[in-house]
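> The structure follows.
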Amino acid sequence: MRRGDIVAALGRGDFSNKPRPSLIVQAEPFNAHHPAITVCPITSEISGDSFYRVPVTAGDDTNLLMDSEIEIDLVQAIRRERLGRRIGVASDDVMFLVDQALRRWLAL
């Protein structure tokens, strides 16, 4: 599991209780052993708000079935055992936009 991987994640709570694609955003050194992994869910419901949503296209690298958005505003830590298989990977360009959006959303 690496930063930038798109994985199936079983969420909980108000926003999702079904498996859905999520982007790993946690810093690489912590991914191997930490019991929780920080992710941003991915949705196919396009809001168009570029302040805190990052567009990601369907395709061979992402293996998403539809063009989607990474929901920076729903960043969350998920227990490792709630993460499923690797679906795909985000491009360097998408990760650059994710980093910018995380900085805005978290005021870093």
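> Can you find, within segment 45-68, the residue that is farthest from the chain's Cα centre (by Cα) among those that are within 13 Å of residue 6 (Cβ to Cβ) and among the charged types (D, E, K, R)?
Here the answer is 60.
> Then there's this: Conditions first: (1) small (Gly, Ala, Ser); (2) farther than 15 Å from residue 2 by Cα; (3) touching a Pro at 6+ places or on another chain (Cβ under 8 Å). Residue 84 passes all but one, so which condition is the exception?
In the conditions (1) small (Gly, Ala, Ser); (2) farther than 15 Å from residue 2 by Cα; (3) touching a Pro at 6+ places or on another chain (Cβ under 8 Å), residue 84 misses (2) alone.
> Among the residues of segment 48-68, is there at least one that is within 21 Å of residue 108 (Cα to Cα), touching a helix residue (DSSP H, G or I) at 6+ places or on another chain (Cβ under 7 Å), hydroxyl-bearing (Ser, Thr, Tyr) and modelled with pLDDT of 90 or more?
yes
> Turning to a different aspect of this structure: Looking at 78, 37, which one is outside any helix (DSSP H, G or I), closer than 16 Å to residue 3 by Cα, touching a helix residue (DSSP H, G or I) at 6+ places or on another chain (Cβ under 9 Å) and among the aliphatic types (A, V, I, L, M)? Spell out the reasoning first.
Working: 78 fails: touching a helix residue (DSSP H, G or I) at 6+ places or on another chain (Cβ under 9 Å).
That would be 37, the only listed residue that is outside any helix (DSSP H, G or I), closer than 16 Å to residue 3 by Cα, touching a helix residue (DSSP H, G or I) at 6+ places or on another chain (Cβ under 9 Å) and among the aliphatic types (A, V, I, L, M).
> Have a look at 87, 6 and point out the one that is touching a strand residue (DSSP E or B) at 6+ places or on another chain (Cβ under 6 Å) and closer than 24 Å to residue 104 by Cα.
Only one candidate qualifies: 6.
> Further question on the same structure: Give all pairs with beta carbons closer than 7 Å in which a residue from segment 57-76 that is within 13 Å of residue 25 (Cα to Cα) meets a residue that is surrounded by 18 or more Cβ atoms within 10 Å (Cβ to Cβ) and among the charged types (D, E, K, R); count only pairs at least 6 apart in sequence or on separate chains.
70/53; 71/53; 72/53
The values are calculated or read from the model by the stated rules, or taken from the named source; none is laboratory data. Everything numeric here is computed off the predicted structure, so don't read it as measured data. For neighbour counting, all protein chains shown are included, and Cβ atoms are generated from backbone atoms with ideal geometry for every residue, glycine included.
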